[in-house]
Amino acid sequence: MPEYPKVTVDGKTAVVIGGTSGIGEAIALAFAEDGADVVATSRRADAVADTAERVRDHGARTVETTCDVTDRDSIEAMRDAVLEEFGSVDVLVNSAGVAARTEFLDLTVEDWNRVIDVDLNGTFHACQLFGRVMDEGSIINVSSMSADLARERLLPYCAAKSGVNALTRCASRELAPDVRVNAIAPGFVMTPLTEEEYSEGSELRRGIDERAVLGRVAEREEITGTAVYLASDASSYTTGEVLFVDGGFTRNAL
Ligand SMILES: NC(=O)c1ccc[n+]([C@@H]2O[C@H](COP(=O)([O-])OP(=O)(O)OC[C@H]3O[C@@H](n4cnc5c(N)ncnc54)[C@H](O)[C@@H]3O)[C@@H](O)[C@H]2O)c1
């Protein structure tokens, strides 16, 4: 009988950067519930401690360690703290992200740099620093459907996420065959980053509900299945790929 790989992260060690809020936190908790040891990290120690407690509630082991993805040394220190505790890392999720909502001609250099620094440069630093120490496993970058779209007042965000997709493709070549690198491209997901804009009755929300094939925004938990799949051995022949989880928004046409 052939053996069919399972969609599970049971027994793996995962690091989720940007793992204390929104999509990243949902992924961290889904991993923990499924049997992985999980380090959910971001800049604030209190947020890290809060998520760590919920990770432990699932019976998973963790390490409380902060990192700022705009500070390469802090990612390296976080990585080393994880290695000291667990010896190796099987899964890295890069979910830290910010956006600046400004018209192109009014955009400040500071806003451009801030978004590129967190969303693109931060993903580069983490992929490289973890890529150097991961003997095998899976890296998952949380990109966005915006990488392929011309979104209103979101130029640096769209540019950064396009860069993340290119980084994903190119890093997948360099880290093959032992480490796979993929991206998830969510559509509109209710999180602390978006809850105001996507609130019931807003103009944007009406547009989303009209155009998304599934006719609604996503809950953050709806992104976690794709993350478990990409982290698991069930996706062993998938690398350099960007998986859209957007309720059909991007492919919808008249
Ligand atoms: N919510 C959506 O609709 C949506 C859609 C597509 C893609 N995304 C992407 O999903 C990811 C998560 O977004 P979210 O909606 O969950 O937002 P969120 O604000 O809830 O979470 C972002 C996380 O990143 C962390 N973070 C921000 N700057 C950081 C830094 N410099 N160093 C370390 N951590 C930092 C925050 O502390 C937080 O934990 C982002 O990359 C975002 O671009 C979100």
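Structural remarks
For (1) surrounded by 20 or more Cβ atoms within 10 Å (Cβ to Cβ); (2) in a loop (DSSP other than H, G, I, E, B); (3) of a type in the set (A, V, I, L, M, F, W, C), each residue gets a yes or a no:
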site	(1), (2), (3)
Arg173	no, no, no
Pro192	no, yes, no
Val213	no, yes, yes
Glu222	no, no, no
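- Any chance Thr62 is open to solvent by 40 Å² or more (accessible area, probe 1.4 Å) and in contact with a helix residue (DSSP H, G or I) (Cβ under 8 Å, 6 or more places away or on another chain): no
- Matching option when the condition is at negative phi, surrounded by fewer than 20 Cβ atoms within 10 Å (Cβ to Cβ) and touching a helix residue (DSSP H, G or I) at 6+ places or on another chain (Cβ under 7 Å), among Leu167, Leu243: Leu243
- If you filter the range 175-190 down to residues that are part of a strand (DSSP E or B) and closer than 20 Å to Val213 by Cα, you find that the one that is farthest from the chain's Cα centre (by Cα) is Met190.
- Residue selected from the range 31-42 under the condition within 15 Å of Asn94 (Cα to Cα) and among the small types (Gly, Ala, Ser), by the criterion surrounded by the most Cβ atoms within 10 Å (Cβ to Cβ): Ala40
- The set of residues in the range 90-121 being out of contact with any strand residue (DSSP E or B) (no Cβ under 7 Å at 6 or more places or on another chain) and open to solvent by less than 10 Å² (accessible area, probe 1.4 Å) consists of Ala100, Val115, Asp119.
- Flag for Asp46 being in contact with a Lys or Arg (Cβ under 7 Å, 6 or more places away or on another chain) and not in a loop (DSSP other than H, G, I, E, B): no
- Only residues that are outside any helix (DSSP H, G or I) and open to solvent by 20 Å² or more (accessible area, probe 1.4 Å) were counted across the range 10-30, and they come to 5.
- When we screen Thr102, Thr51, Thr41, Thr65 for residues that are within 10 Å of the ligand (Cβ to nearest atom), over 16 Å from Ile140 (Cα atoms) and not acidic (Asp, Glu), the only hit is Thr51.
Residue-wise test of (1) within 17 Å of Met145 (Cβ to Cβ); (2) away from the ligand (no atom under 14 Å from the Cβ); (3) among the β-branched types (Val, Ile, Thr).
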site	(1), (2), (3)
Glu174	no, yes, no
Glu196	no, no, no
Ile208	yes, no, yes
Val217	yes, no, yes
Ala231	no, yes, no
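- Answer from Gly11, Gly19 - the residue that is within 8 Å of the ligand (Cβ to nearest atom) and not basic (Lys, Arg): Gly19
- In summary, Arg132 fulfils each of the numbered conditions (1) under 23 Å from Glu103 (Cα atoms); (2) among the basic types (Lys, Arg); (3) more than 15 Å from the chain's Cα centre (by Cα) with the single exception of condition (1).
- Residue within the range 51-61 that is of a type in the set (Ser, Thr, Tyr) and part of a helix (DSSP H, G or I) present: yes
- Failed item in (1) touching a Phe, Trp or Tyr at 6+ places or on another chain (Cβ under 7 Å); (2) more than 10 Å from the ligand (Cβ to nearest atom); (3) part of a helix (DSSP H, G or I), with Ile116 passing the rest: (1)
- Among the residues of the range 132-142, the one identified as within 18 Å of Ala40 (Cα to Cα) and either within 8 Å of the ligand (Cβ to nearest atom) or surrounded by fewer than 17 Cβ atoms within 10 Å (Cβ to Cβ) (or both) is Val142.
The values are calculated or read from the model by the stated rules, or taken from the named source; none is laboratory data. These figures come from a predicted structure and were not determined experimentally. Neighbour counts run over all protein chains shown; Cβ positions are idealised from the backbone, glycine included. Each accessible area value is taken on the protein alone, full model and side chains, heavy atoms only, with ligands, DNA and RNA left out. Shrake-Rupley method; radii C 1.70, N 1.55, O 1.52, S 1.80 Å.
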